[in-house]
Amino acid sequence: MVIPAITLILIALAVLILFSASLNMGWGLYLPAITRLSPLRKEVMLTFDDGPHPVYTPLILDILRENRIQAVFFCIGEKALENPGIVVRMINEGHKVGIHTMNHSVGFTVASKLMAEKDLDNCRKILTDITGIDIVLFRPPFGVTNPNIAKAVKRLKLKTIGWSIRSFDTIKKDEHKVISKVGKELHNGAIILLHDRLNSSPNILRGIIEALKKQDYKTTII
Ligand SMILES: [Zn+2]
């Protein structure tokens, strides 16, 4: 049997759309995700992924405290186990903590529903044990979502948080370029994706706070 070319094109297109949707949380095809806060307020939310880092996260917390800014930290379970005191400090200083899987492995993006649920639940238990707070915020590693992750998130009643400004701080070598990119993209309700595990993280944060002040943006948390 010969499959007509048009059918092949449609199949390829469907695969492309499903794949693209897995990389674009904002489309909400697999699970609802918050990628922006209120467009009516001149406020943004700073979020930090992949910590807690024993050296850089405390520096980030110092800068936030100096500037009286609260942020959300999406923590990796294994790193939280290694640095519980830093997680406690986050909570004590008014920040929020969220789940960023047990070890940020690429395997999570292709995990079965059961494996994904186990991973997220383990991470949640670690963060809940450390903080004494029921942790419900979740950010998928690499921003990847799919039906299995969606089912796990639904069963655990987690709230998925995406972003509207990606700093590319893990990719761009020049921290000034990172700061200027974020500064140009600022908008009401922006959720800014940063990391607290890089040598450049403290300087980038200082630069972004400067940009926020210049453009008269306040910060908020969800
Ligand atoms: Zn990450």
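Cβ-Cβ contacts under 9 Å between residues 6 or more apart (or on different chains), taken from a first residue in the stretch 193-222 that is free of Cβ contacts under 8 Å to residues at least 12 places away in the same chain and within 20 Å of Thr57 (Cβ to Cβ) to a second residue that is among the acidic types (Asp, Glu) and not in a helix (DSSP H, G or I), are absent. Selection of the stretch 20-34 for residues being out of contact with any strand residue (DSSP E or B) (no Cβ under 6 Å at 6 or more places or on another chain) and either over 17 Å from Phe108 (Cβ atoms) or in a strand (DSSP E or B) (or both) yields Ser20, Ala21, Asn24, Gly26, Trp27, Gly28, Leu29, Pro32. With (1) within 11 Å of the ligand (Cβ to nearest atom); (2) over 16 Å from Val72 (Cβ atoms); (3) touching a Cys at 6+ places or on another chain (Cβ under 8 Å); (4) not basic (Lys, Arg) as the list, and Met102 as the residue in question, which single condition is left unmet? Unmet condition: (1).
Looking across Lys113, Lys79, one residue alone is within 21 Å of His195 (Cα to Cα), touching a residue at least 12 places away in the same chain (Cβ under 8 Å) and either over 19 Å from the mean Cα position of the chain (by Cα) or crowded, with 22+ Cβ neighbours inside 10 Å (or both). It is Lys79.
Quick grid of which residues meet (1) within 18 Å of Asp49 (Cα to Cα); (2) of a type outside the set (Phe, Trp, Tyr); (3) surrounded by 14 or more Cβ atoms within 10 Å (Cβ to Cβ); (4) in contact with an Asp or Glu (Cβ under 9 Å, 6 or more places away or on another chain):
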{"site": "Thr101", "(1), (2), (3), (4)": "yes, yes, yes, yes"}
{"site": "Phe108", "(1), (2), (3), (4)": "yes, no, yes, yes"}
{"site": "Ala152", "(1), (2), (3), (4)": "no, yes, yes, yes"}
{"site": "Leu158", "(1), (2), (3), (4)": "yes, yes, yes, no"}
{"site": "Ser164", "(1), (2), (3), (4)": "yes, yes, yes, yes"}
{"site": "Asp169", "(1), (2), (3), (4)": "yes, yes, yes, yes"}
{"site": "Ile179", "(1), (2), (3), (4)": "yes, yes, yes, yes"}
{"site": "Leu186", "(1), (2), (3), (4)": "no, yes, yes, no"}
{"site": "Ala190", "(1), (2), (3), (4)": "yes, yes, yes, yes"}
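Number of residues in the stretch 32-82 that are more than 26 Å from Asn188 (Cα to Cα) and away from the ligand (no atom under 16 Å from the Cβ): the value is 6. Of the residues in the stretch 196-207, not one is in a strand (DSSP E or B) and either buried (at least 17 other Cβ atoms within 10 Å of the Cβ) or within 16 Å of the ligand (Cβ to nearest atom) (or both).
Rule-based calculations on the coordinates, nothing more; no lab input. Keep in mind it's a predicted model, so treat the numbers as computed, not measured. Neighbour counts run over all protein chains shown; Cβ positions are idealised from the backbone, glycine included.
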